[in-house]
Amino acid sequence: MSRFSFGPVALATGIQFRLWAPHQRRVLLNLDGGGSHEMTRSPDGWHHCDVACAKAGSLYSFILDDGLIVPDPASRFQPWDVRGPSEIVDLDSFACNSDVWQGRAWEEMVFYELHIGTFTKEGTFLAAIDRLDHLKSLGITAIQIMPISDFPGRRGWGYDGVLPYAPESTYGRPEHLKMLIEAAHKRGICVFLDVVYNHFGPDGNFMPDYAPIFSDRHETPWGSGINYDGVDCEPVRRFVVENAVYWISEYRIDGLRLDAVHAMADNSGAHILHEIARRIREAAGDRNVHLVVENEANDSDLLRREDGGGACLFTAQWNDDFHHALHVAATGETFGYYADYASNPLSIGKALAEGFVFQGEHMPYRGAKRGKQSAGLPATAFVAFIQNHDQIGNRAMGDRVISSLPDEVIRAVAAVYLLSPQMPMLFMGEEWNAREPFPYFCDFNAILNEQVRHGRRAEFSRVPGFAADDLLDPTEPSTFEAAKLDWSKRDEQSGASHLEFYASLLAVRHKRIIPLLKKLGRYGGALEHREDRLVSVTWRLIDDRRLHLFSNLTNEPVRMPDDAPDGEEIFSLRAADGVIAPWSVFWRIGV
């Protein structure tokens, strides 16, 4: 039942319960239907007891010295939310065929980010299974699931989870999650999970009552940092590292996306990120398992390839720089952090060729230097997108601004990033130009709900032209309901047309781009500095061929230059004799 330090362990007769609670002298186990049991305390702060009558399906909780009743921090399931009792789950008894699945090569990934609660009307793991055939026919090879660690209430983005081993109960049971993963694997689709190891949510987290889970030396934008390098940090580190391994080994997840790793402060000799990556690689064995980071600091050291371009600590990073540059060109928005990209007409090309736009340079809006050199990294070290949960949800109204643009703009943007050698990612519904917003939503207690409302009003009061009264209330159920995808729009004329175009792009990617990716070598592309504002990037292949992107991502036509790259045209959009029309894109393979 468990091969991990935390959580219940199956014995020959009964179950052993364990809780690391060094702040508590005495802890009782409360077993539903089985009474209270005194737990034995070890000098290192572990409390444990063996109970013969406990079994899979039993509910239990812990009673602290002061009478506070808490769930297991490593609970495998919380049927009554984060304040209720934990349930013993035996995942080993769930029959599945995923053991034969070995994953897919990284170069084959086409990501599709989704939020379980809004991906379908039902908002469950089981309901998501019914949409996998749609994703397969579209050309998706990997779903990227937003965090599912149990969070308080019935709705949330998942980044305020407090019980990292327990799948969110409103989405279904652990067995249902396993069924979703197995169904995806049967269709050749990998499953990636977004995990949060930089903070715990503020509502329903009882761990500080009995263990030194937080650091008094590190702060994050969401509160105290996790204790990765202070007194008694070893069990805290183990709790997090084993959680990452748990998803890979127990659920056969194909990879993780680690949220905001720049906020995972650790001044110890071995950074927690390195330990997570090492342990996952060991647990994966021969399976293809991939690790992706979100890193606001753009620390390219995490992505460095060993000599020969093979093994690496982390496989790739979400490329926010590319998104920001492409967003500015498509929308004309230059407020906030977009201002740093509006001032550089070469931003799109540099982000495509080298990964980061800013590689140690000073950023005027942020008022600081950011990033490290990334030009020596292959394009496949970056995940490219024009929509994701952050870039939609962190807007005042959670609107998909891209969906309101003219079709020629939307399609040009898609043709650039879906055929790029970087790894593409769609956000759910993008393929039929879904108009549903994806605003931030949550379901905390009354005090925290008011703090969230106040904080977001203050944050967006600085956005030009925005009135605080227009802000959607993130705590209202209607805000959550508005984010649910309307799948009927997919089959309407406009939706079907967009879907056909996206599917055709991904067909080109699978047929012509993916076979080239292993021939890219270990370096990025070359950006051509042009005065006509055309974006021209070339990637040299190890067989001496070249992949060329040539595009006009502006509203003005440009005369076709004499030095336009030639070669076999594998995709063109809005071509015209002698003129490159606005929002034209050409992909060619030449020598």
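Observations, loosely collected:
- Residues within the reach of a label modelled at GLU569 (point 7 angstrom out along Cα to beta-carbon, backbone nitrogen below 19 Å), restricted to region 529-548, are 534-538, 546-548.
- Pairs of alpha carbons in the chain separated by more than 41 Å make up 25% of all such pairs.
- Applying 1/(1 + (r/R0)^6) with r as the Cβ-Cβ distance of VAL100 and ARG435 and R0 = 30 angstrom yields a FRET efficiency of 0.15.
- Per the Debye calculation on region 326-381 with a single equal scatterer at every Cα and no solvent contribution, log₁₀ I(q)/I(0) for q = 0.19, 0.21, 0.27 Å⁻¹ amounts to -0.68, -0.81, -1.13.
- Counted residue by residue at 0.36 nm each, then reduced by the alpha carbon distance between them, the extension gain from SER137 to ARG25 reaches 34.6 nm.
- Contour excess over end-to-end distance, with Cα ends at LYS519 and LYS55 and 0.36 nm allotted per residue: 161.7 nm
- Partner lysines for LYS369 [C-alpha distance under 21 Å; skip if fewer than 8 residues away on the same chain]: LYS350
- Put simply, region 188-276 fits an ellipsoid with semi-axes of 23, 14, 13 Å; these come from the alpha carbon gyration tensor as the roots of five times its eigenvalues, largest first.
- Remark: region 381-392, residue by residue, has Karplus-estimated 3J(HN,Hα) of 7, 10, 9, 9, 6, 10, 9, 7, 4, 5, 6, 8 Hz, where x stands for each Gly or Pro and the curve is 6.51 cos²θ - 1.76 cosθ + 1.60 at θ = phi - 60°.
- In range of the label at ALA503: residues from region 420-444 whose backbone nitrogen is under 17 Å from the point 7 Å along Cα→Cβ: 429-434
- Placing a pseudo-label 7 Å from each Cα along the Cα-to-Cβ vector at VAL231 and ALA482 gives an inter-label distance of 4.8 nm.
- Reduced Cα scattering model of region 9-92, Debye log10 I(q)/I(0), q = 0.16, 0.22, 0.25 Å⁻¹: -0.56, -1.07, -1.35
- Full-extension gain in nm, ASP543 to ASN344, via 0.36 nm per residue minus C-alpha separation: 68.3 nm
- Calculated FRET efficiency for the pair ARG281/ILE69, C-beta based, R₀ 56 Å, to 0.05: 0.90
- Pairs exceeding a 27 Å alpha-carbon distance, out of LYS178/LYS489; LYS372/LYS519; LYS136/LYS518; LYS55/LYS484; LYS136/LYS511: LYS178/LYS489; LYS55/LYS484.
Here, each number is a calculation from the coordinates, and none is a lab measurement. Not measured: the values here are computed from a predicted model. Positions of Cβ are generated from backbone atoms using ideal geometry, with glycine treated the same way; all protein chains shown enter the neighbour counts.
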